[in-house]
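Notes follow once the structure below has been shown.
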Amino acid sequence: MTGAAEPRSSFAVRVSRSDERWRVELLAEDAGDELPVLERALGEPGRGAWPPPFVLVVDSRLYFVVLRHGPGGMVRALISDATMLEWVLAAEVVERYGIGVDTEGAFDDDESGWPGGDLDVFADDGLPADDLRPIVTADDLWADEMVQRIAARLGFADELAVAVAP
């Protein structure tokens with residue numbers, strides 16, 4: 001008997017929307033790409049419809065990163081666990097975007113870390129920080145499961161599943 005294929009534990013995708021239709025493109029099967037490559041995948045700031053596309057990276061199911069242009073072309077960044085500094089991409093994101101990491105008290109009994117950066121990164125899509133926070137702080141979810149919940153909430157879950165299928 002053959003079981004369903006396991007979902008990828010790491011991936012990077014670019015997610016965009018035009019005319020209420022979502023498009024998800026696989027950028028890398030492994031989240032090990034360097035941060036400048038992911039930033040370039042955002043495209044030129046101010047081009048296209050609002051809200052702008054975003055890059056979403058899941059690294060080894062342990063944490064995820066979202067990058068997106070904001071007003072004026074600045075890059076907005078969110079990391080689901082800003083305490084994952086032993087991972088190269090996480091450390092680069094925290095350093096480049098000045099995300100504060102308060103490791104004192106950052107872990108509860110289950111050793112869950114804390115999200116950092118712009119929790120309103122999906123607000124223009126209908127998922128404000130108050131609704132995103134319970135997803136990214138859930139102790140019982142892996143990073144890819146958090147991303148699946150976000151995708152379902154925003155309406156691109158099917159497109160994401162197709163893009164990251166093994």
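Values in this text are rule-based calculations from the coordinates and carry no lab data. Because the structure is a prediction, the values reported are computed rather than measured. Every residue, glycine among them, receives a Cβ derived from its backbone with ideal geometry; neighbour counts consider all protein chains shown.
Amide H contacts under 5 Å for residue 114: 82, 83, restricted to partners 5 or more places along the chain or on a different chain, H placed in the peptide plane at 1.01 Å from N. Computed extension gain for residue 39 through residue 120, at 0.36 nm per residue and net of the alpha carbon distance, reaches 27.3 nm. For residue 125, the shell of other residues with beta-carbons less than 12 Å away shows a net charge of -1, using +1 for Lys and Arg and -1 for Asp and Glu.
By count of other Cβ within 10 Å, fewest leading, how are 146, 74 ordered? Numbers along the way, then the final one.
On the way: 146 22, 74 11.
Fewest-to-most ranking of 146, 74: 74, 146.
For the peptides 79-90, 58-69, 153-164, what is the packing order when you average, over each peptide's residues, the other Cβ atoms within 10 Å and list the highest mean first?
Working: 79-90: 20.9, 58-69: 23.0, 153-164: 16.7.
Those peptides, ordered most packed to least, come out 58-69, 79-90, 153-164.
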